[in-house]
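Enquirer: A single structure is presented below for examination.
The values are calculated or read from the model by the stated rules, or taken from the named source; none is laboratory data. Predicted model only: the values in this text are computed from it and were never measured. Because the Cβ atoms are built from the backbone with ideal geometry, glycine has one as well, and the counts that use them run over all protein chains shown.
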Amino acid sequence: MINEKSRVRFAPSPTGYLHVGGLRTALYNYLFAKKNNGTFILRIEDTDRNRYVEGAVENLIKAINWAGLNFDEGPEAGGDFGPYMQSQRLHIYKKYADELIAKGKAYYCFCTPERLKTLKEEQEKQKLPQAKYDKHCLHLSNEEVEKNLKAGIPKVVRLNVIQNHTIKFDDVIREHVEFESNNIDDQVLIKSDGYPTYHLANVVDDHLMKITHVIRGEEWLSSTPKHVLLYDAFEWERPIFAHLPLLLNPDKSKLSKRQGDVAVEDYRDKGFLKEALINFVALLGWNAGDDKEFYYLDELINSFSLERVNKSGAVFDLQKLHWLNAEHLRKKSIAELLEMLKTEIQKSKFKSQNYSDNFLTLVIEAMKERVSFIKEFIDTCPYFYEAPTEYEQKAVEKNWNIETPEHLKKLKEEFASLNNPTKEDFEHSLTKVSEELNLGKGKLIHPLRLAVSGQSTGPGMFDLLFILGKDEVLKRIEAAIKKISV
RNA sequence: GGCGCGUUCGUCUAGUGGCUUAGGACACCGCCCUCUCAAGGCGGGGAUCACGGGUUCGAAUCCCGUACGCGCUACCA
């Protein structure tokens, strides 16, 4: 291990989408690799033919790339140890399974599913502490095995777990962990369809691909002793294990589809920034030990260490994600926001309108501090894009009285006299009118805002007037006077 | 049931024997700013550090037990 470059892998099974927990696992692997000048590998664990999903691998890669993580080796990135699809490596697993059988560390099992089922039921009836395979086929003679093989009887290969042995291993996050071998089943290594199970494929591939650190979810901790047994049986050096805490639902169960969005595609489609998702997910189970909460990916690489990963599960808290999204949005340049807003407009009902960059830039500057999502540059302030068709009822009741139309008419006249008014010009005019009427500026501003935007909240009044422009403002005041009645 | 892992404000967490009347962040509440809403600033409530025993002059921090939660317990990963 000394002087060897770190090599880590993200090894998902292709279920059709990228789980946010998977994203975090991928991220920690990526951060670890980049921090240590190592290699980040994608390996697809597609050994369950029943769960094959069309297009899943492409989706997975797309989602991870969207998040900004790139692989150094993998199905698309290439590399010296491929193929990186386990379904294409069947002959390799077979070879190693044979090696294990020859060593007596594994054996053929011809038991039918029916026998296995009744065995399990009997064991449960006897209230045995641990239901396990009874090693029945381990005791078959060589002749019987040969005979069954020749006859083509369906078979699996099982790991021959030795008894009365304590299996010990170290984990960067859990420290020292021990299991009694008597509690471990003679795990199937090769299924009757010839495909390997996760346990065999995983260990063989991690070894062959020279993986130095196995960084994966805590749900794998319980099967790690099986993996350790395999490494020992092959007489291979074990990798360093790091089992990550789980991501949790608000009720503390393992984060699942049933209780909300779980696919990174869902968050992407809802308008979350990749920067925010990455930042958020990085902080679920890890921190640098300081008070820093806002991170970009390259900063995470700098600060990351496996030793500082927490032990306990973390609830996926949408509120904090929202906050981070707003924070990252505000840190974006006007130019970036402009591009994003333009594509957002293409998805909106205003797509046929042709707004100038200049106009949209003004909208962005006015709204930047007031939004958490790009789409809110449209949704929360539609009045920039079209005249209000209705007026917030509560605000009408509060700010519109019998004298309001007169006041607005006066304002309108004053505005009409302006030539190419700036924001300051609008303000001077309003101040002038408020003095003439002997009214507080607020008494004019609130109804004016309502008339011009239909809403009671929004950016600074004079910014709003300036962005809309004199002609539009005059038109809207006129319309409001006609439409709003007390 | 068995095995394993975990347990600090509602949530994410800092904390590795005295600096802690347990710190920060999100959320919540109030005040300031102010034409509104945000943003920003200031402040507040909120954790008997799961519980019970030890060890120690001293424990959230070390040890033991209990409880609770979660994970695994497939020819799924």
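Enquirer: What tally of residues in segment A:174-190 results from selecting those that are of a type in the set (Val, Ile, Thr), buried (at least 20 other Cβ atoms within 10 Å of the Cβ) and within 25 Å of A:LEU244 (Cα to Cα)?
Expert: 1
Enquirer: Determine whether segment A:14-27 contains at least one residue that is surrounded by fewer than 21 Cβ atoms within 10 Å (Cβ to Cβ) and closer than 17 Å to A:TYR84 by Cα.
Expert: Within segment A:14-27, one or more residues are surrounded by fewer than 21 Cβ atoms within 10 Å (Cβ to Cβ) and closer than 17 Å to A:TYR84 by Cα.
Enquirer: If I ask for residues that are over 34 Å from the mean Cα position of the chain (by Cα) and more than 18 Å from A:LEU159 (Cβ to Cβ), which ones from segment A:78-102 would you list? Steps first, please.
Expert: Initially, segment A:78-102 is screened for residues over 34 Å from the mean Cα position of the chain (by Cα), giving A:91, A:94-102.
Across segment A:78-102, the qualifying residue is only A:HIS91.
Enquirer: Please find, within segment A:231-258, the residue that is nearest to RNA strand B (Cβ to nearest atom) out of those that are under 17 Å from A:VAL177 (Cα atoms) and not in a loop (DSSP other than H, G, I, E, B).
Expert: A:HIS243
Enquirer: Testing A:ASP261 on (1) modelled with pLDDT of 95 or more; (2) away from RNA strand B (no atom under 13 Å from the Cβ), one condition comes back false. Which one is that?
Expert: It fails just one condition, (1).
Enquirer: Every residue in segment A:266-291 that is farther than 12 Å from A:LEU27 by Cβ, more than 6 Å from RNA strand B (Cβ to nearest atom) and modelled with pLDDT of 95 or more, please.
Expert: A:ASP266, A:TYR267, A:ARG268, A:ASP269, A:LYS270, A:GLY271, A:PHE272, A:LEU273, A:GLU275, A:ALA276, A:ALA288
Enquirer: Just give me the residues in segment A:177-186 being within 7 Å of RNA strand B (Cβ to nearest atom) and either of a type outside the set (A, V, I, L, M) or in a loop (DSSP other than H, G, I, E, B) (or both), in sequence order.
Expert: A:GLU178, A:PHE179, A:GLU180, A:ASN183, A:ASP185
Enquirer: Of the residues A:TYR108, A:TYR84, which is within 22 Å of A:LEU229 (Cα to Cα), out of contact with any Cys (no Cβ under 6 Å at 6 or more places or on another chain) and either touching a residue at least 60 places away in the same chain (Cβ under 8 Å) or surrounded by 19 or more Cβ atoms within 10 Å (Cβ to Cβ) (or both)?
Expert: Just a single option satisfies the conditions, and that option is A:TYR108.
Enquirer: What are the residue pairs meeting all of these: first residue in segment A:367-381, first residue within 16 Å of A:ASP269 (Cβ to Cβ), second residue assigned to a helix (DSSP H, G or I) and away from RNA strand B (no atom under 12 Å from the Cβ), Cβ atoms under 6 Å, and 6 or more apart or on different chains?
Expert: Hits for this filter: A:ILE374/A:MET340; A:ILE374/A:GLU344; A:LYS375/A:GLU344.
Enquirer: Also: What number of residues within segment A:35-63 are in contact (Cβ under 8 Å) with a residue 60 or more places away in the chain and either part of a loop (DSSP other than H, G, I, E, B) or within 17 Å of A:PRO14 (Cβ to Cβ) (or both)? Before you say what the answer is, go through the steps one by one.
Expert: Filtering segment A:35-63 down to residues in contact (Cβ under 8 Å) with a residue 60 or more places away in the chain leaves A:35, A:38, A:41, A:43, A:45, A:47-49, A:59, A:63.
Okay, now just the ones that are also either part of a loop (DSSP other than H, G, I, E, B) or within 17 Å of A:PRO14 (Cβ to Cβ) (or both), so A:38, A:41, A:43, A:45, A:47-49, A:59, A:63.
Going through segment A:35-63 one residue at a time, the tally reaches 9.
Enquirer: Can you tell me which residue is farthest from A:TYR267 (Cα to Cα) among those in segment A:315-336 that are near RNA strand B (Cβ under 8 Å from one of its atoms) and of a type in the set (Lys, Arg)?
Expert: Taking the candidates together, the pick is A:ARG330.
Enquirer: Would you be able to tell me the number of residues in segment A:292-309 that are surrounded by 15 or more Cβ atoms within 10 Å (Cβ to Cβ) and either near RNA strand B (Cβ under 8 Å from one of its atoms) or closer than 20 Å to A:ILE215 by Cα (or both)? Reasoning before the result, please.
Expert: Taking segment A:292-309 and keeping what is surrounded by 15 or more Cβ atoms within 10 Å (Cβ to Cβ), we get A:295, A:297, A:300-301, A:303-304, A:306, A:309.
Checking which are either near RNA strand B (Cβ under 8 Å from one of its atoms) or closer than 20 Å to A:ILE215 by Cα (or both) leaves us with A:297, A:300-301, A:303-304, A:306, A:309.
The total comes to 7.
Enquirer: Please go through segment A:191-224 and give me each residue that is part of a helix (DSSP H, G or I), crowded, with 20+ Cβ neighbours inside 10 Å and more than 8 Å from RNA strand B (Cβ to nearest atom), ordered by number.
Expert: Once the filter is applied, which keeps residues that are part of a helix (DSSP H, G or I), crowded, with 20+ Cβ neighbours inside 10 Å and more than 8 Å from RNA strand B (Cβ to nearest atom), segment A:191-224 yields A:LEU200, A:VAL203, A:VAL204, A:ASP205, A:ASP206, A:THR224.
Enquirer: Another one. If A:SER312 passes every condition in (1) within 11 Å of RNA strand B (Cβ to nearest atom); (2) among the polar types (S, T, N, Q); (3) assigned to a helix (DSSP H, G or I); (4) farther than 30 Å from A:GLU365 by Cβ but one, which one does it miss?
Expert: Answer for A:SER312: the failing condition is (3).
Enquirer: Is segment A:368-383 home to any residue that is part of a loop (DSSP other than H, G, I, E, B), among the aromatic types (Phe, Trp, Tyr) and more than 16 Å from RNA strand B (Cβ to nearest atom)?
Expert: Within segment A:368-383, none of the residues are part of a loop (DSSP other than H, G, I, E, B), among the aromatic types (Phe, Trp, Tyr) and more than 16 Å from RNA strand B (Cβ to nearest atom).
Enquirer: Considering only segment A:431-471, state which residues are surrounded by 15 or more Cβ atoms within 10 Å (Cβ to Cβ) and over 23 Å from A:GLU369 (Cβ atoms).
Expert: Listed by number, the residues that qualify are A:VAL433, A:SER434, A:LEU437, A:LYS443, A:LEU444, A:PRO447, A:ALA451, A:LYS470.
Enquirer: A further question on this structure: Could you check how many residues of segment A:31-71 are under 24 Å from A:LEU200 (Cα atoms) and not basic (Lys, Arg)?
Expert: 16
Enquirer: Still on this model: Among the numbered conditions (1) under 26 Å from A:LEU300 (Cα atoms); (2) surrounded by fewer than 23 Cβ atoms within 10 Å (Cβ to Cβ), tell me where A:ASN50 comes up short.
Expert: Unmet condition: (1).
Enquirer: Of the residues A:ARG238, A:ARG268, A:ARG258, which is within 27 Å of A:ASN59 (Cβ to Cβ), among the basic types (Lys, Arg) and surrounded by 15 or more Cβ atoms within 10 Å (Cβ to Cβ)?
Expert: A:ARG268
Enquirer: May I ask you to verify whether A:ILE167 is more than 29 Å from A:ARG49 (Cβ to Cβ), more than 8 Å from RNA strand B (Cβ to nearest atom), surrounded by 19 or more Cβ atoms within 10 Å (Cβ to Cβ) and at pLDDT 95 or above?
Expert: The answer is yes for A:ILE167.
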